Amino acid sequence: MTKRNIQIKLEHGLEARPIAHLVQEASKYDSTIYVMSGGKRVNAKSIMGMMTLELDNGEDLEVSAEGEDEQAAIEGIEIFLSGKGTSQK
């Protein structure tokens with residue numbers, strides 16, 4: 001299992017559209033991926049689960065992944081949350 005603390009650097013935080021993109025990013029990987037924040041742990045591949053976290057720009061969270069591509073999964077999620085992955089319009 002790989003874990004990493006990541007700070008959200010998306011201008012508007014994780015609203016509906018960025019959450020959908022994050023779920024798409026997480027779904028690219030075979031690993032099981034969880035996001036933990038404020039005592040909650042949700043599956044990063046679940047849109048409804050991710051929406052319950054109500055994450056904002058600047059917040060810190062922990063991402064964990066377990067599986068054959070866990071390192072790539074963590075890196076992909078970190079790139080996305082840093083605002084470097086896709087356009088955040």
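Regarding Arg4, is this residue at pLDDT below 95, out of contact with any Lys or Arg (no Cβ under 6 Å at 6 or more places or on another chain) and outside any loop (DSSP other than H, G, I, E, B)?
For Arg4, the condition - at pLDDT below 95, out of contact with any Lys or Arg (no Cβ under 6 Å at 6 or more places or on another chain) and outside any loop (DSSP other than H, G, I, E, B) - is not met.
Of all residues in the range 22-45 being part of a helix (DSSP H, G or I) and touching a helix residue (DSSP H, G or I) at 6+ places or on another chain (Cβ under 7 Å), which is surrounded by the most Cβ atoms within 10 Å (Cβ to Cβ)?
Applying the filter and picking the extreme gives Leu22.
Against the definition (more than 12 Å from the chain's Cα centre (by Cα) and not in a loop (DSSP other than H, G, I, E, B)), how does Met48 come out, yes or no?
When the stated conditions are applied, Met48 passes them.
Can you run down the residue pairs with Cβ atoms below 7 Å, 6 or more apart or on separate chains, where the first is in the range 38-61 and in contact (Cβ under 8 Å) with a residue 12 or more places away in the chain and basic (Lys, Arg) and the partner is outside any loop (DSSP other than H, G, I, E, B) and loosely packed, with under 15 Cβ neighbours inside 10 Å?
Lys45/Ser27
For the range 7-21, how many residues meet the condition of being surrounded by fewer than 16 Cβ atoms within 10 Å (Cβ to Cβ) and among the aliphatic types (A, V, I, L, M)?
2
The values are calculated or read from the model by the stated rules, or taken from the named source; none is laboratory data. Computed from a predicted structure; not experimentally measured. All Cβ positions, glycine included, derive from the backbone under ideal geometry; neighbour counts span all protein chains shown.
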